[in-house]
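Remarks on the structure that follows.
Since every read-out is calculated from the coordinates, none of them should be taken as a lab result. Owing to the predicted nature of the structure, the values given are computational and were not obtained by experimental measurement. With ideal geometry, Cβ positions are generated from the backbone for all residues, glycine too; neighbour counts draw on all protein chains shown.
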Amino acid sequence: MEDEIKRRLKVLNKIKVPRISARGLRGGMQERLHRQERIRYGLDVESKKKKLNAKMSLIEQERKDFTKDGFGIQSLSSAEPLDDFDEPVFRRIRSRRGFF
């Protein structure tokens, strides 16, 4: 499970979130939709990273406690299965020209 968490973090760390420039702040409703999608995508990536890092730190803490005690039953948090990994998808809103 630890290897799977590391793999997922590696995938999320490779993702480049588009930045919002001053030019992107201008414009009408279409640019606003693009900007909202960039923000939504960035927040989705960051929240998934935060959850995986929390899970990883929990596993490391359990491992440290387990080796400190020397015996005992490992807690169930590291044994519980991970949920499906849905890689964040950057949706493309309609193009600026030629949609209609």
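Descriptive notes on the structure:
- Counting only residues at least eight positions apart within a chain, or on another chain, the aspartates and glutamates with an alpha carbon under 14 Å from that of LYS51 are GLU2, GLU4, ASP83, ASP84, ASP86, GLU87.
- Cross-link pairs beyond the 27 Å C-alpha cut-off, checked among LYS48/LYS68; LYS10/LYS64; LYS6/LYS68: LYS48/LYS68
- 12 Å beta-carbon shell around ARG35, net charge (K/R +1, D/E -1): +4
- Pairs of Cα atoms farther than 13 Å apart, segment 2-65, %: 68
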